[in-house]
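Here's the structure we're looking at; comments come further down.
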Amino acid sequence: MIFSCGVRGRRAAAVLFALGCLTSGLRAQEEGQLEGGGGGEDAGRVTGNVQLLWQSYAPDSLIGAVVPPEKSALNAYGNLIYTRGNFSAGMRYESYLNAVVGFPGRFKGTGVGYRFARYSDPDVGLDITLGNFYEQFGSGIVLRSYEERALGIDNALDGFRLILTPVPGVEVKALLGKQRLDFNSGLILGPGLVRAVDAQVTLNDLREEWAARDLRVTLGGNFVSRFQAGSTIAKDTLVLTLPQNVAAWSYRLGVQRGRWTGNLEYATKINDPSADNQYVYRKGEAILLDLTYAQRGFGWVLNAKTVDNMSFRSDRNVLLFDLPINYIPAITKQHTYNLAATLYPYATVVAGESSIGGEMYYTVPKETRLGGPYGTRITLNVAAANGLDTTRLEGVEGATLGFRRNSWGFGPVKFVRDVNVLLERKINSDLKLKYAYFYLEFNTLATPVTTTFKGLVYADIHVLEAQWKTAPKQSLRAEVQGLFTEQDKGDWATAILEYTWSPHWFVSVMDQYNYGNPDPGARVHYLYGAVGRTDGPHRLSVGYGKRREGIFCIGGVCRAVPASNGFEITFTSSF
Amino acid sequence: MQSLLPFLAPLRSVRSVGFVLLLSLFAWDMAAQKLPAVTLRDLNGKPVNTASLAQSGAPTLICFWATWCSPCKRELNAYMEHYAEWQKRTGVRIVAVSIDDARSSSRVAPYVSSVDWDCQVLLDPNKDFARAMQVINVPHTFLVDGKGQIVWQHNNYADGDEDEVFQQLLKYGRK
């Protein structure tokens with residue numbers, strides 16, 4: 001089925017097959033050279049990886065499964081990096097034949113999606129990159145280019161980057177480029193030009209007598225400018241000129257002393273009417289604070305964040321995942337248990353929100369009544385976010401500025417409340433138990449993760465997990481989860497069984513059952529099974545079953561994935 | 001000139017394939033991998049050049065992980081149960097590289113302290129080191145021998161994998 005996709009498909013498959021063959025060849029070569037005591041260093045070295053994801057799609061009217069006309073899809077990637085001394089060059093070959101369901105459907109064809117050449121000499125503090133690169137300034141609130149391949153998110157810059165370290169403790173970055181927008185048999189860039197500089201100074205590294213001090217202080221600042229050809233738009237009775245140059249900048253401070261660490265960043269953006277903010281000219285602002293305390297057996301973190309009109313893109317007219325210049329992390333924890341992670345995942349409301357959260361970790365010492373023979377681990381996590389505290393403006397001011405923010409604090413509209421606790425206890429050398437509870441209030445109007453309910457969802461989630469060592473190198477892991485809510489799709493239950501034979505084999509089966517759906521016809525079992533083998537850096541898995549419609553999130557970024565039914569084969573390999 | 005572009009398009013793909021094959025030729029001549037040089041920060045904010053992570057004469061285990069990755073935490077917790085013995089027998093040093101981004105990187109230090117990992121922890125918030133090491137998913141573990149060469153790697157974690165790690169450490173560890 002893969003090879004029914006035309007000449008381009010065969011060519012891409014051949015290249016990726018060659019890369020796969022190379023993998024085993026390289027390993028043999030490595031082992032041979034090691035046994036022979038190494039050698040050949042002058043020729044430089046090549047590293048790489050290969051990743052394949054193939055899915056088939058069968059009709060399933062019960063779950064509303066999506067069946068594209070081609071009935072199968074393939075995403076494939078091959079990365080190579082060649083390094084010799086201070087020089088490196090690399091590329092990523094990508095294939096979408098066609099893109100798997102849930103990925104941006106406009107990703108098409110095969111070609112090079114990323115390539116770069118870099119010279120980096122740490123001895124003289126010089127680092128130059130031409131071509132594609134990823135970069136982050138501070139927390140990323142003003143600039144972050146990054147890739148989440150599993151979500152199809154890639155806003156790599158394409159241009160020129162210079163990093164200088166003139167003296168120890170001082171780092172200056174300058175870059176100029178356009179961002180990746182799309183892929184159609186090759187890289188397609190967005191229209192905007194990004195120009196940026198960042199400087200960071202670690203005071204302790206400036207003078208020898210400061211290096212050993214307990215107090216460590218880091219200061220940083222950056223300036224990012226976007227150019228996009230301007231025009232005018234009509235709004236109400238006004239004709240507005242769209243600025244061609246938009247600027248954003250931030251200042252940051254990091255302080256560390258003993259068990260305490262604090263990070264503060266303040267960011268501003270001006271002159272950026274865009275589709276995200278309904279083309280208003282008001283200033284964007286953000287403030288982020290992290291405070292942590294860590295000692296043996298105990299630690300906590302406090303996060304506070306207010307963002308106001310800080311969506312910043314290299315094309316003012318695009319939305320959602322396209323061309324973000326910056327990254328605004330979500331306040332909530334990225335959950336790992338299926339029902340907590342995929343039904344109501346929170347993502348920052350980029351138009352504006354005020355939020356606070358924290359997490360505490362404590363290990364109850366072993367040989368105590370609560371700790372038991374091995375100690376008991378407790379994790380408590382809290383997150384809350386509301387809309388901004390604002391006053392709507394009228395008339396011309398309303399058309400050009402939208403609203404006025406009254407404070408940095410919470411406004412009246414609740415976006416999310418997420419309180420959860422995790423208890424972990426080792427019962428004996430063969431058995432570990434975990435229990436997790438989540439309380440969730442989730443505004444589906446602020447974060448539209450479902451089409452079947454608009455408003456606040458109140459949910460309780462309980463999870464029980466057991467891990468049992470059944471034999472040497474063999475283990476059974478079982479999870480039972482329940483989500484209970486009166487809203488949206490009602491109650492859910494999930495059961496997972498996973499058996500592993502270390503270090504190579506695993507088999508797993510998962511059933512998600514929407515037994516409480518108000519529509520009796522939608523009370524469906526989503527049964528999915530998989531078997532896989534890992535051999536060092538190579539991993540192959542084959543799965544079959546129903547994939548639920550849901551939200552797939554990584555690192556605070558989420559994408560809606562429609563329901564589907566069929567086979568899934570994944571292969572990853574690094575060399 | 002414009003009208004020629006559609007005819008040139010297939011050549012672009014041919015060039016891409018050629019580029020891959022050219023790079024592949026280098027691969028047949030390659031030496032065993034060494035650690036790439038990327039500057040990361042430790043939990044005290046001090047810069048660390050990753051090329052210097054390898055120990056002279058003893059192995060180093062580099063484990064990519066994240067606070068949101070359950071198998072990663074199971075893996076490192078399992079290694080820590082054996083770390084003192086592994087160090088005694090093989091001289092190994094473990095380096096845990098977190099790929100948590102700005103959303104969760106502030107959770108790394110308190111988590112690590114609470115579970116008492118007695119190893120070096122580095123932050124790789126934009127995956128620069130992970131990318132240079134060709135890491136696709138976490139957990140991904142690399143064993144670097146006493147000559148600074150990557151001699152073994154493993155993607156994924158299942159209970160009992162620590163036995164294989166120990167066998168590898170004995171193979172490449174301090175004799």
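A few remarks follow.
- Cβ separations smaller than 9 Å between residues 6+ apart or across chains give the following pairs from the range B:51-75 residues that are within 17 Å of B:A37 (Cβ to Cβ) and in a loop (DSSP other than H, G, I, E, B) to residues that are at pLDDT 95 or above and of a type in the set (S, T, N, Q): B:L53/B:T60; B:L53/B:Q120; B:A54/B:T60.
- Residue match in the range A:540-561 (condition: of a type outside the set (D, E, K, R) and within 27 Å of A:S429 (Cβ to Cβ)): no
- None of A:L34, A:L62, A:L22, A:L97 is more than 22 Å from the chain's Cα centre (by Cα), more than 9 Å from every other protein chain (Cβ to nearest Cβ), modelled with pLDDT under 95 and farther than 30 Å from A:G177 by Cβ except A:L62.
- Restricting the range A:373-396 to residues that are at pLDDT below 95 and of a type in the set (D, E, K, R), the residue that is nearest to A:G297 (Cα to Cα) is A:R392.
- Residues that are closer than 27 Å to A:F103 by Cα and not acidic (D, E) do not occur anywhere in the range A:163-173.
- Residue within the range B:1-12 that is among the aromatic types (F, W, Y), over 28 Å from A:D121 (Cβ atoms) and modelled with pLDDT of 50 or more present: no
- Any chance A:V449 is within 24 Å of A:N514 (Cβ to Cβ) and either surrounded by fewer than 15 Cβ atoms within 10 Å (Cβ to Cβ) or within 14 Å of chain B (Cβ to nearest Cβ) (or both): no
- Verdict on A:V246 being part of a loop (DSSP other than H, G, I, E, B) and of a type in the set (V, I, T): no
- Options A:V194, A:V217, A:V201, A:V172; residue that is assigned to a strand (DSSP E or B), crowded, with 21+ Cβ neighbours inside 10 Å and among the β-branched types (V, I, T): A:V194
- Residue match in the range A:235-254 (condition: away from chain B (no Cβ under 14 Å), free of Cβ contacts under 8 Å to residues at least 24 places away in the same chain and over 27 Å from A:L193 (Cα atoms)): yes
- Put simply, of A:Y499, A:Y528 the only residue that is part of a strand (DSSP E or B), without any contact (Cβ under 8 Å) to a residue 24 or more places away in the chain and closer than 30 Å to B:E164 by Cβ is A:Y528.
Listed here are the residues, each with its yes/no results for (1) within 11 Å of another protein chain (Cβ to nearest Cβ); (2) small (G, A, S); (3) more than 22 Å from the chain's Cα centre (by Cα).
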| site | (1), (2), (3) |
| --- | --- |
| A:Q256 | yes, no, yes |
| A:A267 | no, yes, no |
| A:T292 | yes, no, yes |
| A:L302 | yes, no, no |
| A:N338 | no, no, no |
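- Within the range A:198-214, being away from chain B (no Cβ under 14 Å) and out of contact with any Gly (no Cβ under 9 Å at 6 or more places or on another chain) holds for A:E208, A:E209.
- Residue among A:T165, A:T83 that is over 30 Å from A:Y266 (Cα atoms), within 13 Å of another protein chain (Cβ to nearest Cβ) and touching a residue at least 24 places away in the same chain (Cβ under 8 Å): A:T83
- You will find that of B:A54, B:A66, B:A58, the residue that is buried (at least 16 other Cβ atoms within 10 Å of the Cβ) and out of contact with any Gly (no Cβ under 7 Å at 6 or more places or on another chain) is B:A66 and no other.
- All positions within the range A:349-379 that are within 14 Å of chain B (Cβ to nearest Cβ) and without any contact (Cβ under 8 Å) to a residue 12 or more places away in the chain: A:K366, A:G371
- A single member of B:D118, B:D101 is of a type in the set (D, E), on the phi < 0 side of the Ramachandran plot and facing chain A (nearest Cβ under 7 Å), and it is B:D101.
- Filtered by the rule that a residue be farther than 24 Å from A:T376 by Cα, without any contact (Cβ under 8 Å) to a residue 24 or more places away in the chain and in a helix (DSSP H, G or I), the range B:106-136 gives a lone residue, B:R131.
- Number of residues in the range A:67-94 that are more than 25 Å from the chain's Cα centre (by Cα) and at negative phi: the value is 12.
The values are calculated or read from the model by the stated rules, or taken from the named source; none is laboratory data. Predicted model only: the values in this text are computed from it and were never measured. Counting neighbours? That spans all protein chains shown, and the Cβs are built from the backbone with ideal geometry, glycine included.
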